[in-house]
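Asker: A single structure is presented below for examination.
The values are calculated or read from the model by the stated rules, or taken from the named source; none is laboratory data. Being a predicted model, the structure only gives us computed values, none of them experimental. Here the Cβ positions follow ideal geometry from the backbone for every residue, glycine too, while neighbour counts run over all protein chains shown.
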Amino acid sequence: MEDLIIERTAMTPYVEFLVLDCKLTLSGRSIPENSIQFYQPLLDWTATLCASGIEYLEVHIKLEYFNTSSSKCLMDLLNRIEQCACRSQVHWYYESEDEDMLEAGEDYAAIIQIPFVLVEMEGE
Amino acid sequence: MRSFTAAMPQVTPTDLQLGWDGTLEEQQADALIAWSEALIGKLNANYGMRKRAVRCVIEMVQNVSKHQGAGRFEMFYANDLLVLRTRNHVSDAEKPHLEQALSDAFAPPLEQVREAIKTKLVEGERTPSGGAGLGFMDLRSCAEDNLCVEFIPCGQETSTFVLCVWFHI
């Protein structure tokens, strides 16, 4: 199994899914029109990693914007991690002035049964 | 669901900051989002409000491009009022689905929209375009209910769907 690295674009986030570190990072903006097309390889990769018997998975989500279509895909990704037998933790980053991104993190944390760490970053 | 006669702010053609009319597919949508973001970034508004306005642009423009591939997008600004408006054709066959989505989105009072979005995230069936009927709810939340919609009959078996969102900067 290989790392999954996808460079960021104006519409899609930087993806760094690392096998040995068991660490998944999404950063940038996630506003593709076809979010399923973008996220399906990420979901498949995550399922394969989980099936490999890892003990711990660390997730870092540092998004500036995401559209509602991506919000459903993020939910799918977090669901998949939740179903993984390993321990996991999600680090959800938000800018200090971005109350909406904080609330989004709180909402996912309330839905998904994975420990969430809400990480405040300095704003613009 | 509120129609235009209810509360839409008045804007004039001279207030137009950015307008697009015609083919509106993914490439055009991407450009419009980038141009809108640049213009909104110059407004004397707090960071949170500017981000919310950009989020609305993303949802509105992609709503047109995903479903119709053509339409109009306009951004007006005057007297500390930012108005975003889209127009696109909707066939009579498509209209009931859109009306149902609007009805669902406008059903909860504004203070319960966040909870309704969470419920949709968990339980909402994914639509063919990848969402789960979250777009209009997100617009309500972002614009704090400063939005209105209208179906204008135009020709046989077609309506123009107009969506307008505004922010007091």
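Asker: Considering only residues that are within 9 Å of A:S35 (Cβ to Cβ) and within 7 Å of chain B (Cβ to nearest Cβ), look in region A:69-78 and name the one that is farthest from the chain's Cα centre (by Cα).
Answerer: The residue in question is A:S69.
Asker: Here's another thing I want to ask about it. For A:L49, are the conditions met, namely being crowded, with 17+ Cβ neighbours inside 10 Å, within 13 Å of the chain's Cα centre (by Cα) and touching a residue at least 12 places away in the same chain (Cβ under 8 Å)?
Answerer: Values: crowded, with 17+ Cβ neighbours inside 10 Å: yes; within 13 Å of the chain's Cα centre (by Cα): no; touching a residue at least 12 places away in the same chain (Cβ under 8 Å): yes.
It is false that A:L49 is crowded, with 17+ Cβ neighbours inside 10 Å, within 13 Å of the chain's Cα centre (by Cα) and touching a residue at least 12 places away in the same chain (Cβ under 8 Å).
Asker: Taking the stated definitions as given, is B:V11 crowded, with 19+ Cβ neighbours inside 10 Å and either without any contact (Cβ under 8 Å) to a residue 12 or more places away in the chain or away from chain A (no Cβ under 12 Å) (or both)? If you could, list the steps in order and put the result at the bottom.
Answerer: Details: crowded, with 19+ Cβ neighbours inside 10 Å: yes; either without any contact (Cβ under 8 Å) to a residue 12 or more places away in the chain or away from chain A (no Cβ under 12 Å) (or both): yes.
It is true that B:V11 is crowded, with 19+ Cβ neighbours inside 10 Å and either without any contact (Cβ under 8 Å) to a residue 12 or more places away in the chain or away from chain A (no Cβ under 12 Å) (or both).
Asker: Please go through region B:149-160 and pick out each residue that is farther than 11 Å from B:D92 by Cα and of a type outside the set (D, E, K, R). Talk me through it step by step, then tell me what you get.
Answerer: Just the residues of region B:149-160 that are farther than 11 Å from B:D92 by Cα, to begin with: B:149-150, B:152.
Listed by number, the residues that qualify are B:V149, B:I152.
Asker: Still on this structure: If I filter region A:79-104 down to residues being aliphatic (A, V, I, L, M) and under 13 Å from the mean Cα position of the chain (by Cα), which single residue comes out as nearest to the other protein chains (Cβ to nearest Cβ)? Walk me through it before giving the result.
Answerer: Quick first cut of region A:79-104, residues aliphatic (A, V, I, L, M) only: A:81, A:85, A:90, A:101-102, A:104.
Subset that is under 13 Å from the mean Cα position of the chain (by Cα): A:81, A:90, A:104.
Values: A:I81: 15, A:V90: 15, A:A104: 9 Å.
That would be A:A104.
Asker: Could you tell me which numbered condition B:E74 fails, if it satisfies all but one of (1) closer than 16 Å to B:T160 by Cα; (2) within 14 Å of chain A (Cβ to nearest Cβ); (3) charged (D, E, K, R)?
Answerer: It fails just one condition, (2).
Asker: Is it true that A:E33 is of a type in the set (D, E) and part of a strand (DSSP E or B)? Walk me through it before giving the result.
Answerer: Numbers: of a type in the set (D, E): yes; part of a strand (DSSP E or B): no.
No; evaluated as a whole, the condition is false for this residue.
Asker: Let me ask another. Six or more apart or on different chains, Cβ under 6 Å: which pairs go from a residue in region B:137-149 that's in a strand (DSSP E or B) to one that's among the charged types (D, E, K, R) and surrounded by fewer than 23 Cβ atoms within 10 Å (Cβ to Cβ)? Could you list them?
Answerer: Going by the 6 Å Cβ cut-off, the qualifying pairs are B:C148/B:R2.
Asker: Follow-up question, since we're still on this one. Sort out which residues of region A:50-68 are within 12 Å of A:T12 (Cβ to Cβ) and either facing chain B (nearest Cβ under 7 Å) or β-branched (V, I, T) (or both), and write them in order of number.
Answerer: Result: A:Y65, A:N67.
Asker: So, of the residues in region A:105-124 that are at the interface with chain B (Cβ under 10 Å from one of its Cβ atoms) and outside any helix (DSSP H, G or I), which turns out to be modelled with the highest pLDDT? Can you show your working first?
Answerer: From region A:105-124, those at the interface with chain B (Cβ under 10 Å from one of its Cβ atoms) are A:106-108, A:110-112, A:123-124; that's our starting set.
Okay, now just the ones that are also outside any helix (DSSP H, G or I), so A:112, A:123-124.
Numbers: A:I112: 95, A:G123: 70, A:E124: 61.
Top of the filtered list is A:I112.
Asker: Could you tell me which of the residues B:R114, B:R85 is under 30 Å from A:L78 (Cα atoms) and charged (D, E, K, R)? Steps first, please.
Answerer: Details: B:R85 fails: under 30 Å from A:L78 (Cα atoms).
Step by step, each of B:R114, B:R85 is checked, and only B:R114 is under 30 Å from A:L78 (Cα atoms) and charged (D, E, K, R).
Asker: Could you give me the residue pairs with C-beta distances under 7 Å whose first residue belongs to region A:7-23 and is within 14 Å of another protein chain (Cβ to nearest Cβ), whose second residue is in a loop (DSSP other than H, G, I, E, B) wherever it lies, and which are 6+ apart or on separate chains?
Answerer: A:M11/A:I31; A:M11/A:P32; A:T12/A:P32
Asker: Taking the conditions exactly as written (in contact with a His (Cβ under 9 Å, 6 or more places away or on another chain), over 27 Å from A:E99 (Cβ atoms), among the hydrophobic types (A, V, I, L, M, F, W, C) and away from chain A (no Cβ under 14 Å)), does B:L81 satisfy them or not? Explain how you work it out, then say what you get.
Answerer: Values: in contact with a His (Cβ under 9 Å, 6 or more places away or on another chain): yes; over 27 Å from A:E99 (Cβ atoms): no; among the hydrophobic types (A, V, I, L, M, F, W, C): yes; away from chain A (no Cβ under 14 Å): yes.
Criteria not met by B:L81.
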